[in-house]
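Just so it is clear, none of the values below were taken in a lab; they were calculated from the coordinates. Here the structure is a predicted model, which means the values were calculated and not measured. In this analysis, Cβ positions are derived from the backbone assuming ideal geometry, glycine residues included, and neighbour counts consider all displayed protein chains.
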Amino acid sequence: MHALPPSCRRAVAWWLRLVLILPVPVAAEPVWIAVDSPAAEPGSVEGASGWVEIQGRVGTGVQRSLDVLLAIDLSGSTLLASGVDVDGDGKVGRVRGRARRQLDHGVTALRLDARHFSSDPEDSVRHAEMLAARRFLSGLDSHRTRVAILAFTETAELVSPLATPAEARAALDALEQEQLLRRGQTNLAAALDLARSALSSEPDAASRDRAIVLLTDGEPSYPFPESKARGEALRAAGEVAREGIRLHALALGGDADLEMAQALTEPSGGLLLTTEEPGEILLTLPRAPLHRIEALAIRNLTTGEPARALRLLADGSFDGFVALVPGANRVLVVARSATSEPTSVERTLHYTPTTAPDDDLLELLADRTAEIEAWQQLERGRSLGESSQDLVLEADPNVP
C-alpha cells in the first residue's frame, strides 16, 4: 500500500465523525491475549534488519472462535448516492431529486435504471457496502473466524452459509454481479430471523461467539404497515438476544432510524455505529470493534521502543512490528477493555543478526506504516470541517 495522495487524506475527517455507542452497560469480562507469531517461547529471530512482526488475537470473556454474519441492506434506497467517490474516478455521485421523491413516497422503482438514483451509479450506498464488506473480510483471521453473508430487501436470502473469509468473499463477488437487479422495501425482521437461524444451525454453535453485523441505511418498512414492520423487527432482535447472539448495527447516513437501530442492538448488548454519510462505511466497517477492546499496545521492554504499524482489526486479530537488538528482547503486549483492568503477555525473543535478506518483511512494514499514517491523519482531520461530498477515497490495493 502506498501513502494516500492529498485529496484522499481529507478522508481522515470521517473517522472522527464516527459515533460509537455501547447501548447498555456491559458486565466486566477479563481480557485475554494470544500471541500466535513468533510461535515459540522463547523465540528465535534472525535477519539483517532486526525487525520482527508480532501477530495474535485479543478479546474479552472466554477465548473462543467467532461466527459473524454480515446482513447487507439492498433495498431501493441503497441505490442512492453514498456521498463519497466509491469507485475512485474523481467524481462523487449525487442523489437525483426524482429518485429521492419516489423513495420518500414508497415507490420501489422496479423499472428504473440505477442512473436514475445517482449521477454516478458506482458511488451508490450498496457499492459502498460491497467494498466495505470486502475490506472487512480481508482483515479477518481465517483460523478462528467464520463468516456468512445475507442480503435483504422485502425478503432475505442467505448468500453464503458460514465459511472461511475467502469463501465468503467469493460469494460476495457473485452477489455484486447481480445486486443492481434488487429493489424493494426494508424487511429487518426477515433479515434477523434468517441470520439467527444461520448462526444457530451449526452443530458447534454453542461453543463459538456469534455476532450479526447489520448494515442498513433506513428503517423497517415491510411488512406493511410500518408499525408492523417495526414491531416485527423488535421481536426478531429479542429472539436474537435470547439465542446468545450479539447484534451490531451500522446505521448508514442521516436517513437511518437511530432510535430504532439502538432498540435493536440493546437486547443483546451490541454496538451501534453511525455515519454522517453512508459511504463512510468504507472506513468504519473494517475496524468495527466487535472485540470490545478499548486499547492495545506492544513494546520492546529491553529498548523501551513501542511497536510500529500496530493494527487491531474487527475480530480482535492484531499485528505490529518490533525492532530488536542483538540478544534477548523482552516484548510486552498489553490490552484493556472499557470495563476491565489491563491484561499483559510477555514474550522473550532472541535476535541474532545475520546477512540473510528480509526485504519482504521491510516492504510489509513500509506498507503497514503508510496505512497507519493514513489513519492517524484521520484523527488529525477533526478540525478540517470538510464535507464528505468532497472526499475521494482511493481503492485499497490489497482488495481487488
Which translational diffusion coefficient, to the nearest whole µm²/s, is obtained for region 178-251 from the Stokes-Einstein equation, given a Kirkwood hydrodynamic radius over C-alpha pairs, 37 °C and 0.692 mPa s?
249 µm²/s
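For the residues VAL213, VAL35, VAL334, what sequence is obtained by ranking on other C-beta atoms within 10 Å, fewest first?
Values: VAL213 25, VAL35 20, VAL334 17.
Lowest to highest Cβ neighbour count: VAL334, VAL35, VAL213.
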Given points 7 Å out from each Cα along the Cα-Cβ axis, report the THR354 to ALA34 separation in nanometres with one decimal.
2.9 nm
As a test, work out the antiparallel percent of DSSP beta bridges whose residues both lie in region 66-287, rounded to the nearest 5.
20 percent
Neighbour-count ranking for ARG330, ARG208 (other C-beta within 10 angstrom, fewest to most) reads ARG330, ARG208
With each label point set 7 Å from Cα along the Cα-Cβ vector, what nm distance links GLU341 and SER142?
4.0 nm
Please report Rg over Rh for region 66-287, where both radii come from the alpha carbon positions and Rh follows the Kirkwood definition.
0.95
